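To keep things clear, I will list the structure first and then write my remarks on it.
Every number here is computed from the coordinates shown, using simple stated rules; none is lab data. As the structure is a prediction and not an experimental result, all values here were calculated from the model. Here the Cβ positions follow ideal geometry from the backbone for every residue, glycine too, while neighbour counts run over all protein chains shown.
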Amino acid sequence: MTDGGASAAAAPSGLVVVKLGGTTITEQAQLLDQVAELSSARPVVVVHGGGARVTSWLERLGVPTRFEDGLRVTDAAALEVTAAVLRGAANVELVAALRARGCDAVGLSGVDGGLLAGRRVAGKGFVASVSAVRTELLRTLLAAGHVPVIAPLALDEDGAVCNVNADDAAAGLARGLGAGRLVLLTDVDGIRGADGVRIPRIGAEQAERLIAAGVIGGGMVPKVRAALRGLAAAPGAAAIIADGAGPDVLRRALGDADLGTRIVAQPEPA
Ligand SMILES: Nc1ncnc2c1ncn2[C@@H]1O[C@H](COP(=O)(O)OP(=O)(O)OP(=O)(O)O)[C@@H](O)[C@H]1O
Ligand SMILES: [Mg+2]
């Protein structure tokens, strides 16, 4: 029923999990065209972030928050705003925009149908990492031709609503569903090295080295770790981090174009 992360996922399928970075959502008309087109050809699950939008609402409402390790420390007041923005405005707008493109999108959060179970991250308040995925509801929706659009919230061990990093949510869903591809679209052209140049392929060792050196920081830390985890349980699957604003980005991400940063399970041979 669930994939706890440690268990092996099913063989990679034609399913694609696409994560839309919150920072790209407002300017992504042509990206949404691509998501709609792709979803007419193969099963697609969309996960969205909304970090920039949550920040702007928190500021507007005078609720202070801070980031630690790329995760927003979320108290009860911040959670209320976060849930309202992610499950409310961000999700509903995305569903509407996809539906306007002929895509049979259905909005959900990780709370609905117990989709995402989380484990509290110590010291971060109402923030959880994905510990299990309940996939039946998604499989039912996908089989009926729907495109699930998922806001990154989860229930923790005590049944409390928690904020989850959207990349972690996307990776958990990709793993749980045995997706063949995980595409993390963001606002940069991939992971950049110390020289500021995009790194075309990265494995766990190099990623952790660059995190320790402070070269990979902010939201890129949970992103690359999620991509690595999303891959680990699914041999044959592939993950990529790319700029959602690039032309034809989805088709190129699913092909073998030199695009973004491909996450590889094994480091390159020397
Ligand atoms: N080495 C790096 N290479 C590229 N980007 C990096 C690096 N280190 C830190 N970053 C930052 O990571 C950011 C992307 O992560 P961020 O969490 O901000 O966006 P997102 O995940 O696309 O959106 P959301 O969090 O709303 O879902 C980039 O905009 C960049 O500022
Ligand atoms: Mg992020």
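Rounded to the nearest 0.05, the FRET efficiency derived from the C-beta distance between Asp258 and Ala212 at R0 = 35 Å is 0.80. When you restrict to C-alpha pairs under 8 Å that are six or more residues apart and normalise by the size of the chain, the relative contact order lands at 25 percent. What fraction, in whole percent, of alpha-carbon pairs in the chain exceed 24 Å separation? Taking all Cα-Cα pairs of the chain, the fraction more than 24 Å apart is 43 percent. Relative to the Cα centre, the charge distribution of the chain, modelled as +1 at Lys and Arg Cβ and -1 at Asp and Glu Cβ, gives a dipole magnitude of about 200 debye. Between Arg201 and Leu61, the C-beta separation translates, for a Förster distance of 35 Å, into a calculated FRET efficiency of about 0.25. Taking 0.36 nm per residue of sequence separation and removing the Cα-Cα distance, the Thr140/Ala41 pair yields an extension gain of 33.9 nm. For segment 2-263, the residue among Val54, Thr74, Met220 whose Cα projects farthest onto the positive side of the dipole built from Cβ charges is Met220.
Here segment 125-270 has an Rg and Dmax of 15.7, 47 Å, counting Cα atoms alone. Paramagnetic label reach from Arg192 (point 7 Å along Cα→Cβ; backbone nitrogen cut-off under 17 Å): within segment 240-257, residues 241-246.
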